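Below is one structure, written out as structure tokens; comments come after it.
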Number of protein chains: 4
Amino acid sequence: MSEPPTPRPGRSRFTSELQVRPDDIDMNQHVHASRYFDYVLAARYDQMARCYGMSMEAFTEIGYGWFTKASHLEYKRALRLGERFTVTTWIEEFHKDGVRVHFEICRADPRKLACSGWCDYTLVRLDTGRAVPLPEDIVAKYAI
Amino acid sequence: MSEPPTPRPGRSRFTSELQVRPDDIDMNQHVHASRYFDYVLAARYDQMARCYGMSMEAFTEIGYGWFTKASHLEYKRALRLGERFTVTTWIEEFHKDGVRVHFEICRADPRKLACSGWCDYTLVRLDTGRAVPLPEDIVAKYAI
Amino acid sequence: MSEPPTPRPGRSRFTSELQVRPDDIDMNQHVHASRYFDYVLAARYDQMARCYGMSMEAFTEIGYGWFTKASHLEYKRALRLGERFTVTTWIEEFHKDGVRVHFEICRADPRKLACSGWCDYTLVRLDTGRAVPLPEDIVAKYAI
Amino acid sequence: MSEPPTPRPGRSRFTSELQVRPDDIDMNQHVHASRYFDYVLAARYDQMARCYGMSMEAFTEIGYGWFTKASHLEYKRALRLGERFTVTTWIEEFHKDGVRVHFEICRADPRKLACSGWCDYTLVRLDTGRAVPLPEDIVAKYAI
């Protein structure tokens, strides 16, 4: 991991609240491991609009999309039916054409870490599907 | 439909608020038609605990489950990414071993009907998987 | 064009084979009721390309899409983890701007009916999202 | 038993064939990134029964389950609607109470790598939910 050893100026952490839906549950009465990935994406979409000031729809309108390049998830405690939980995310690294977003998913009550990890998202032009360097104004919005 | 034409004594309607998640979206940028079914189930689970005084977990603990026997959905306006919506449900009919639950799913703002319909749920014993007549105390809880 | 009252010459039934995936399973060890809807859609997409001679992608290329207008499902026997099953579909009625597709989902071995029902699909122009009358050439392809 | 430092005689790679389902597709017309995780699980369940001689159901019957401890996915080329693909998996490492399974998901035609990565699965007793050391007979079955 290329995270520099020097202190970063502290990028903001944002938190969204969600709730387990019935179809998320697997045969072990737990949230199926694939769903945590979508919980992170749901939180990011919420936070893009609410915290970073540029919604996913705003990206789409100017012809950009975010594709997932890699994901890494570590499962600690399974969420269960009907549980409320929080998803906290923050930008840990800027790459040339994307960002690495770290996340922590915590059961709400009692508060316990359920899953943590990171996702690399790449900015692409939707008409070509190709990665593009992050524009300055987007870096500025995301550097909070 | 066997709903009598005379006014019913007015079974209560309960409403839950949910939000579209990214994985709900299909290739037409709409919520995939299958997801409305799970939205209804999520609302019922919420309302069982919050409004009827007997959570799904409480049913499970005494050895009962609810299996879906039939579902009927009419799609009016597609929900889209990130939209908030409400799911209103009520018991329209009691059957010998189950209930017919009607529902309305409405986009929150501006308020528009997205999907309506009904589901028949059958009460089963989890150890046998067989339908059982609705116990009196459950009918009483559900007859509000 | 509504369904004629005279006996039809028997529109063709086509069958696709699929298999339950782990994430389809719910907390009762059964396929979650919402998944049958997607099984039907998967079968239709397969059969559009393989049996009707016009793939979903071919519709998309000429600016058409199929939106779901209504669905009706009756659950008989739940499918379980890893089971193979067949989805048989046929066009039961032609409507002015769509078709009613009936389906039967059967567990493969031993062969048992798992779920049956129908879906109304409406043909829409993708640029406007509005329903369009079925073009003659599409009716011809579908009238087999 | 930790991974030995000496070269292994090459643990077997097994391959399953699957097909994209409509609900797998996201708003970018690609398979949603979370679905690759379930594709790997579907392939493992197939291969457990067909290649390793011990099905998931056989584990369940003797009171064991496999929980996901970590997953790591790298996305190369998105799969699309209706595409057929293969999932090749193999055990890369034995841990004290689980295995690390590597995987490659490839589009079938033309053959291209779509996603690769690994998952750590832990063996648990279903009655306690706790990890257990891998029994010798299971190691033997898996060491092929």
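With respect to the conditions (1) of a type outside the set (Phe, Trp, Tyr); (2) closer than 23 Å to residue A:75 by Cβ; (3) modelled with pLDDT under 95, residue A:117 lacks only one, and its number is (3). Taking (1) of a type in the set (Gly, Ala, Ser); (2) away from chain C (no Cβ under 14 Å); (3) on the phi < 0 side of the Ramachandran plot in turn, residue B:82 satisfies each apart from (3).
Does residue C:72 satisfy the condition of being touching a Gly at 6+ places or on another chain (Cβ under 6 Å), under 30 Å from residue B:59 (Cβ atoms) and within 14 Å of another protein chain (Cβ to nearest Cβ)?
On the way: touching a Gly at 6+ places or on another chain (Cβ under 6 Å): yes; under 30 Å from residue B:59 (Cβ atoms): yes; within 14 Å of another protein chain (Cβ to nearest Cβ): yes.
Yes.
If only residues of the range C:82-113 that are part of a loop (DSSP other than H, G, I, E, B) and among the small types (Gly, Ala, Ser) are counted, the one that is surrounded by the fewest Cβ atoms within 10 Å (Cβ to Cβ) is C:108. Of all residues in the range C:111-144, those satisfying the criterion of being touching a residue at least 40 places away in the same chain (Cβ under 8 Å), hydroxyl-bearing (Ser, Thr, Tyr) and farther than 15 Å from residue C:54 by Cβ are C:116, C:122. For the criterion of being among the polar types (S, T, N, Q) and in contact (Cβ under 8 Å) with a residue 60 or more places away in the chain, residue C:68 fails. Test residue D:75 against the stated conditions and say whether it is in contact (Cβ under 8 Å) with a residue 24 or more places away in the chain and over 30 Å from residue D:29 (Cβ atoms). Here the answer is no, as residue D:75 does not meet what is asked. With the structure loaded, tell me whether residue B:144 is assigned to a loop (DSSP other than H, G, I, E, B) and either away from chain C (no Cβ under 14 Å) or at pLDDT below 95 (or both) or whether it fails that test. Against the criterion (assigned to a loop (DSSP other than H, G, I, E, B) and either away from chain C (no Cβ under 14 Å) or at pLDDT below 95 (or both)), residue B:144 qualifies. If the condition is being basic (Lys, Arg) and over 12 Å from the mean Cα position of the chain (by Cα), then the range D:28-71 contributes D:35, D:50, D:69. Checked against the criterion of being within 11 Å of another protein chain (Cβ to nearest Cβ) and either more than 12 Å from the chain's Cα centre (by Cα) or at pLDDT below 95 (or both), the range D:96-113 has no qualifying residue. Would you say residue C:106 is over 25 Å from residue B:27 (Cα atoms) and in contact with a Phe, Trp or Tyr (Cβ under 8 Å, 6 or more places away or on another chain)? Taking the combined requirement at face value, the residue satisfies it. The residues in the range B:18-31 that are in a strand (DSSP E or B), away from chain C (no Cβ under 11 Å) and of a type in the set (A, V, I, L, M) can be counted, and the count is 2. Considering only the range C:32-65, state which residues are of a type in the set (D, E, K, R) and either within 11 Å of another protein chain (Cβ to nearest Cβ) or crowded, with 21+ Cβ neighbours inside 10 Å (or both). Hits for the range C:32-65 are C:35, C:38, C:44, C:46, C:50, C:57. If you scan the range B:114-133, which residues turn out to be surrounded by fewer than 17 Cβ atoms within 10 Å (Cβ to Cβ) and within 19 Å of residue B:92 (Cα to Cα)? The answer is B:133, and nothing else. The single condition among (1) in a helix (DSSP H, G or I); (2) among the hydrophobic types (A, V, I, L, M, F, W, C); (3) closer than 20 Å to residue A:132 by Cα that residue A:70 does not meet is (1).
The values are calculated or read from the model by the stated rules, or taken from the named source; none is laboratory data. Just so you know, these numbers come straight off a predicted model, no measurement behind them. We place every Cβ from the backbone using ideal geometry, glycine too, and count neighbours over all the protein chains shown.
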